[in-house]
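Visitor: Sharing a structure below in C-alpha cells format, with a few things to ask.
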Amino acid sequence: NIDNIYYYGILYLGEPTKQKFRVNFDTGSADFWVISSRCTTTSCKQHNQYTQTKSKKYRDMKKDFSIFYGDGTWAAGRMCTDTLTIGGAKVTAVGFAQATFLFGMEDEINDGIMGLGYQALSSSGFLIGKRKSQTKLLAFG
C-alpha cells in the first residue's frame, strides 16, 4: 500500500530462473506488463527488468502492445507468454507485455502493472483470468 493510492505485490516471471518484479495491482486497467531488459528509456533504468533469454518457457506472441493511462503516462512493447509465480501459485503460459518503452514513469516504484479491471479496459485484448485463446492466465476470486 503506497499512501492509500495503490497496492503492489511481488511476483516472479520465467522458468527455471525466476525474475522478481514489484507490480501495481490496478483495478483501473486490464493489462499486465513488466519492464523489458530491451527498454532504452530513462524510466526503465532504475527498475527490475524482464530478460526473455533467462527463461526456457518464454514465447513471443508476435503482437505489439501499447497502453495510455489517464495521468499521461504510457508504455509500449511486445506481448509474450511465460511462467508466472505469485503467492506460491505457479501458472504456465501467462500472457503479458514486455515494455520496451515507457513515458512519464520515472518516479514510480513498481516494475510493471497487473491490471485486474474489466475487459473493456484492456488495450491488448488479453486479460488476467479470461482469454479468447487457450493460453492460461491467472484468475483471482
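The values are calculated or read from the model by the stated rules, or taken from the named source; none is laboratory data. Keep in mind it's a predicted model, so treat the numbers as computed, not measured. FYI the Cβ positions are ideal-geometry reconstructions off the backbone, even for glycines, and counts take in every protein chain you see. SASA here: full protein model, heavy atoms, side chains in, ligands and nucleic acids out. Shrake-Rupley method; radii C 1.70, N 1.55, O 1.52, S 1.80 Å.
Visitor: Hey, which aspartates and glutamates would be in cross-link range of residue 45, C-alpha to C-alpha under 12 Å, not counting anything within fewer than 8 residues on its own chain?
Guide: Within reach: 106, 107, 108, 111.
Visitor: Sort 18, 63 by heavy-atom solvent-accessible area, probe 1.4 angstrom, most to least. Don't skip to the end; give the middle numbers.
Guide: Details: 18 115, 63 75 Å².
Greatest to least solvent exposure: 18, 63.
Visitor: Structure shown: which of 18/63; 63/90; 18/62; 18/56 lie over 19 Å apart, alpha-carbon to alpha-carbon? Could the numbers behind the result be given before it?
Guide: On the way: 18/63 24 Å; 63/90 24 Å; 18/62 23 Å; 18/56 11 Å.
Distance filter (> 19 Å) returns 18/63; 63/90; 18/62.
Visitor: Does a label point 7 Å from the Cα of residue 56, set along Cα-to-beta-carbon, have any residues of segment 1-41 with amide nitrogen under 13 Å, and which are they?
Guide: 15-18
Visitor: For 74, 33, give me the order by solvent-accessible area with a 1.4 Å probe, most accessible first, ignoring ligands, DNA and RNA. Present the calculation step by step, with values, prior to reporting the outcome.
Guide: Working: 74 70, 33 5 Å².
Solvent-accessible surface, decreasing: 74, 33.
Visitor: Then there's this: For segment 1-62, place one equal point scatterer on every Cα, skip the solvent, and apply the Debye formula. What is log10 of I(q)/I(0) at q = 0.12, 0.17, 0.19 Å⁻¹?
Guide: Log-scaled intensity ratios, in q order: -0.36, -0.70, -0.85.
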